[in-house]
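J.: Input: one structure, supplied below.
Each value in this text was obtained by applying a stated rule to the coordinates, not by laboratory testing. No experiment lies behind these values; they were computed from the predicted model shown. With ideal geometry, Cβ positions are generated from the backbone for all residues, glycine too; neighbour counts draw on all protein chains shown.
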Amino acid sequence: SLPSLSSLISGPALLPIIQADSAAQAVQIAKAMQQGGISAVEVVLRTAAALDGISAIRQQCPDLLVGAGTVLSKADADNCKNAGAQFLVSPASTPALLQAMIDTGLAMAPGVSTSSEVAMALEMGLTELKFFPAHLSGGTEMLKALSGIYQQVRFCPTGGIAQHNLADYLSLSNVFVVGGSWISPAALVKAGDWQQITDLAAAAVAVAQR
Ligand code: 3PG
């Protein structure tokens, strides 16, 4: 059976997104996040540099868990594994995509936003799921509703989560980690303001640890 993503995340229950235009930039973001206390990051496949970024972070940040996000196809899943990704995250789920992700043998959190999608993932033996887009899909109230029905499922909500509502999500018993882009806003990345990214990471870590 596959390793679980939750068992791989050793530090705070946070999984910030890295979207970078170069491998070097991805490493700088990762190091800034790590400096703020983050232990796991998700490099999203939304730029041409994503796969190189994953490989570079694996090499240069050995204590950081690094996975791939925005996995949309079997090719994405295979490419991410070859690049050294330690887990896979997708925004959505189809039977073919889930099977391709399972076949990599990596830990994974496929995206769902409805009860039926949770049921499909469960049929394939998956119990750790991304809830996306969390805020638009009913937020914490939806997660509470799902908790009564799917008692064995735990979620990584992302989408519309930031410092102001992070604690609401982390307080739920069926949330094992929270993700999002708020720790590395595009403007800070563009400006190379790594210290601000470290500060945002540290603020989130403070919430996750209380
Ligand atoms: C994701 O890939 O999970 C989303 O981009 C996160 O959404 P956010 O940008 O609202 O945090």
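J.: Any chance the stretch 9-30 includes a residue that's in a helix (DSSP H, G or I) and in contact with a Pro (Cβ under 8 Å, 6 or more places away or on another chain)? Break it down into steps so the answer makes sense when it comes.
T.: Within the stretch 9-30, the subset in a helix (DSSP H, G or I) is 23-30.
From the residues that got through so far, the ones that are in contact with a Pro (Cβ under 8 Å, 6 or more places away or on another chain) too are none.
No, there is no match, as no residue in the stretch 9-30 is in a helix (DSSP H, G or I) and in contact with a Pro (Cβ under 8 Å, 6 or more places away or on another chain).
J.: Same structure again: Of everything in the stretch 196-209, what is more than 19 Å from the chain's Cα centre (by Cα) and either without any contact (Cβ under 8 Å) to a residue 40 or more places away in the chain or under 14 Å from residue 25 (Cα atoms) (or both)? Give them in sequence order. Outline the logic, then answer.
T.: Of all residues in the stretch 196-209, those more than 19 Å from the chain's Cα centre (by Cα) come to 196, 199.
Passing the criteria: only 196.
J.: Return the pairs, sorted by first residue and then second, in which the second residue is among the aromatic types (Phe, Trp, Tyr), the first residue lies in the stretch 148-177 and is surrounded by fewer than 19 Cβ atoms within 10 Å (Cβ to Cβ), the beta carbons are less than 9 Å apart, and the residues are 6+ apart or on different chains.
T.: 162/182; 163/182; 172/155; 174/150; 174/155
J.: Mind listing whichever residues of the stretch 71-91 are touching a strand residue (DSSP E or B) at 6+ places or on another chain (Cβ under 6 Å) and of a type in the set (Ser, Thr, Tyr)?
T.: Residue satisfying the conditions is 90 alone.
J.: For residue 122, indicate whether it is more than 17 Å from the chain's Cα centre (by Cα), more than 15 Å from the ligand (Cβ to nearest atom), assigned to a helix (DSSP H, G or I) and more than 17 Å from residue 41 (Cα to Cα). Please lay out each step first, then the result.
T.: Numbers: more than 17 Å from the chain's Cα centre (by Cα): yes; more than 15 Å from the ligand (Cβ to nearest atom): yes; assigned to a helix (DSSP H, G or I): yes; more than 17 Å from residue 41 (Cα to Cα): yes.
Taking the combined requirement at face value, the residue satisfies it.
J.: In the stretch 162-185, what residues are in a loop (DSSP other than H, G, I, E, B), in contact with a Leu (Cβ under 9 Å, 6 or more places away or on another chain) and away from the ligand (no atom under 11 Å from the Cβ)?
T.: 163, 172, 174, 176, 177
J.: Confirm whether residue 152 is of a type in the set (S, T, N, Q), out of contact with any strand residue (DSSP E or B) (no Cβ under 9 Å at 6 or more places or on another chain) and under 22 Å from residue 23 (Cβ atoms). Reasoning before the result, please.
T.: Numbers: of a type in the set (S, T, N, Q): yes; out of contact with any strand residue (DSSP E or B) (no Cβ under 9 Å at 6 or more places or on another chain): yes; under 22 Å from residue 23 (Cβ atoms): no.
The answer is no for residue 152.
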